[in-house]
Each structure stands twice: as C-alpha cells, then as structure tokens.
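The values are calculated or read from the model by the stated rules, or taken from the named source; none is laboratory data. What you see is a predicted model; the values in this text were computed from it and never measured. Backbone-built Cβ (ideal geometry, glycine too); neighbour counts: all protein chains shown. Areas reflect the complete protein model, heavy atoms only, side chains present, ligands, DNA and RNA absent. Shrake-Rupley method; radii C 1.70, N 1.55, O 1.52, S 1.80 Å.
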Amino acid sequence: ARSVVRRPLAWGLGGALLLTAMAVPALGMRAQDAAVTDSLPPGEPTVAAALRMARAFPGAPTPARVVVWSAAGRPVDGPQVRAAIEELRRRAAEPGDGVAGPITVAPVGAALELRVPLAGTGTDPTSTRALSALRSRELPATLGRVAGIQYAVAGRTAFAADFTARLTSRTPLVFGFVLLLAFGALALVFRSPAVAAASIVLNLLTVGAAYGVLTWVFQDGHLAGPLGFTAYGGIVSWLPLFVFVLLFGLGMDYHIFVLSRIRERLAAGADARAAIVGGVAASAGVVTAAAVIMTAVFSVFIGLSAIEYKMLGVGMAVAVLIDATLVRGVLLPAALSVIGPGAWGRGR
C-alpha cells in the first residue's frame with residue numbers, strides 16, 4: 001500500500017489493464033448447458049452408455065415433447081390431427097433442419113404427446129437450431145393448420161433454450177438493480193459518490209476477470225487435462241449471473257470493512273496517504289483470512305466430477321484471490337489516492 005500511494009496512477013493503470021486483459025475472453029462467452037456426455041468425465045459409465053445410446057438412436061434419448069390439446073377440453077385424437085402428424089413425420093424424414101424421426105404419439109387423457117427426436121446432444125447449438133426449426137416451421141406447417149387445437153413444445157432442449165433465453169433477457173435488470181443498490185448504499189454510508197463509483201468499478205473488474213478465466217479455461221478448453229473435463233464450447237447458463245451476485249456480495253462485505261478503517265483514520269485527522277496505508281494494514285489480516293477460507297471452500301468444487309461444479313469452483317476461487325490481492329491491495333489504494341481526501345465528505 002505504501003508503494004501504491006506513492007505512484008497511484010502507475011499502479012492503478014497497470015492493475016486495471018491486467019484485469020481488463022484477463023476479462024477479454026469473456027467477450028466470446030456462450031451460455032450453454034452441458035449434456036450428460038459433456039458434464040461428466042469421459043471415463044464415467046454413464047457417459048459411455050449415453051454415447052452408445054446417441055449413436056444407436058440419434059436424438060431419441062432427449063426428444064422434444066410436443067403437447068397437443070383443445071382449449072375446449074375435447075379429445076384431439078381426430079382425423080385432421082392424425083393427418084397433420086403424418087405430414088410432420090413425412091417432413092421429419094427429409095434431411096436438413098435437424099428434426100428427425102421416428103415420431104411417437106401417446107394419448108394423455110384428452111391430449112396427445114408427440115416425441116420428436118432432435119439432432120445434437122440435446123443442449124448444443126445443433127439441438128437449439130433443430131428446436132427453432134420445429135417451433136417456427138414444422139409445427140406451424142402441420143399442426144398449426146388444424147383449427148380448434150393448441151400445441152406447445154417442452155423437453156430437455158426446450159427447457160435449456162427457454163431458460164437461457166429468459167435468463168439472458170433478465171440479466172441486465174439484475175446487474176442494474178445490484179449496481180444501483182450498492183452505489184446508493186455506499187454513497188449514503190461514506191457520503192462520497194466518487195468512492196461509491198470507484199468501488200463499483202473495482203468489483204466489476206473482478207467479475208470481468210473471473211468471467212474471462214471461466215471462458216478461457218472451460219469454453220476454450222485450456223487446462224482440460226489437469227482439471228479432468230471435456231470442453232463443450234460453452235458455459236453453464238446459470239453460472240455467470242450466480243457468480244456475479246455471489247461475488248458482489250462477498251466482495252462488498254470486506255470492501256466496506258476496509259473503507260471503514262480508512263474513513264476512521266481520515267476522521268481522526270490523518271492525512272490521506274497515512275489513512276489509506278493504515279486502513280489497508282489494519283484490515284489485511286481479516287481480509288486475508290476470509291479470502292483463504294473462501295478460496296479453500298470453493299476449491300473443493302474443482303475436485304467434483306460434474307463440469308458445472310468445476311466451473312463454479314474455478315470461477316469463484318480465482319475471483320476471490322484476485323479480489324483479495326490485486327483489487328484490495330493495489331487498485332483500491334490507488335483509486336482512493338487519486339480521489340483524494342476531499343471526496344470523502346471529511347468533517348461532515
């Protein structure tokens with residue numbers, strides 16, 4: 001901290017550029033859930049069985065489930081619906097859009113359930129494109145022409161695609177809510193919009209770096225051998241938002257602790273440099289102990305079999321290490337030194 005406050009711009013820019021460089025791979029992050037064959041290590045018996053099933057019956061293990069019903073509650077198993085299903089079978093037999101056969105039909109009360117195989121593993125882009133073709137072209141051209149019925153598409157592929165789409169559309173709202181709430185709380189407590197804004201930026205740099213490491217390791221497949229996973233070209237859809245919320249909460253916890261120690265020294269009459277160095281030094285033991293505990297806890301997830309837990313463990317462990325060292329030890333003192341004592345509302 002003493003070195004940083006003597007040359008805050010150089011240290012601050014250097015640290016910010018390093019975290020920005022680490023965040024660059026996140027620009028290509030793709031939200032995609034892992035199929036069973038991608039989630040577990042290749043040697044698992046479950047994976048071997050799933051691969052054999054996929055080779056013998058492409059698309060059949062995770063088909064799209066099309067439910068057909070009447071809004072009036074009447075049975076829909078009539079001649080027109082049967083003819084539409086036969087037309088759907090004929091269209092599925094034609095190669096091109098990933099919708100395949102055999103299509104099976106099962107009555108469920110007054111409704112019908114169609115199981116339509118889709119190309120791909122069930123959650124990959126191939127399956128998603130096939131699902132889109134089924135929803136936008138195949139079903140409207142067949143069942144969509146029958147009056148008096150309704151239909152909807154469910155199944156593993158539909159669930160993963162719809163969940164990812166809904167999550168992606170709502171993520172900016174969650175980011176905005178958390179950032180505005182944190183900014184307002186920090187500005188109110190420390191009476192300094194500048195300190196609050198700097199705190200938000202520092203936390204976003206940590207989150208961006210964690211996203212970049214996740215993308216580089218798991219989506220691009222680096223360290224696949226040492227960590228024991230098979231890269232499938234994506235990141236589990238729920239993980240980025242989960243990491244953001246969890247990391248922001250943990251980071252802000254001891255961030256406020258450090259800022260409070262600095263503010264106490266400023267209020268007691270210390271100059272800005274001495275207050276920053278003293279506040280960081282006084283809180284270093286607690287921050288370090290907390291970081292060691294959290295890193296150890298999250299590292300346990302790396303040893304689990306499923307790739308989703310490995311992603312969570314690596315993302316959070318790396319983020320906590322970055323946050324407790326580079327951010328709190330370098331970027332925070334540098335930012336507060338540049339802001340200066342006047343922005344703290346000293347004396348009010």
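Worth pointing out:
- Kirkwood Rh and Cα Rg combined as Rg/Rh, the stretch 269-348: 1.17
- Within the chain, helix-based [θ] at 222 nm, where runs of 4 or more DSSP H residues each add -39,500 (n - 2.57), nearest 500: -19500 deg cm²/dmol
- Å² of accessible area per residue within the stretch 297-348, as computed with a 1.4 Å probe and no ligands counted: 36 Å²
- DSSP H segments from the chain that extend 30 Å or more along their own axis, Cα-based, with Kyte-Doolittle mean of -0.5 or above: 156-190, 193-214, 239-267, 272-302
- DSSP bridge orientation in the chain - percent antiparallel, rounded to nearest 5: 95 percent
- If the segment from V189 to V286 were pulled out straight at 0.36 nm per residue, it would be longer than the present Cα-Cα gap by 32.8 nm.
- Computed log₁₀ I(q)/I(0) - Debye formula, equal Cα scatterers, no solvent, the chain, q 0.08, 0.10, 0.12, 0.14 Å⁻¹: -0.55, -0.73, -0.88, -1.06
- Largest GNM mean-square fluctuation among A110, A334, A317, using the chain with Cα springs under 10 Å: A110.
- Carbon/sulfur fraction of accessible area - the stretch 243-348, other protein chains in place, 1.4 Å, %: 69 percent
- One Cα centroid belongs to the stretch 114-181, the other to the stretch 19-33; the line between them spans 24 Å.
- Förster radius 22 Å - calculated FRET efficiency between A267 and R2 (Cβ-Cβ, nearest 0.05): 0.55
- Pairs of Cα atoms nearer than 8 Å and 6+ residues apart set the relative contact order; for the chain it is 26 percent.
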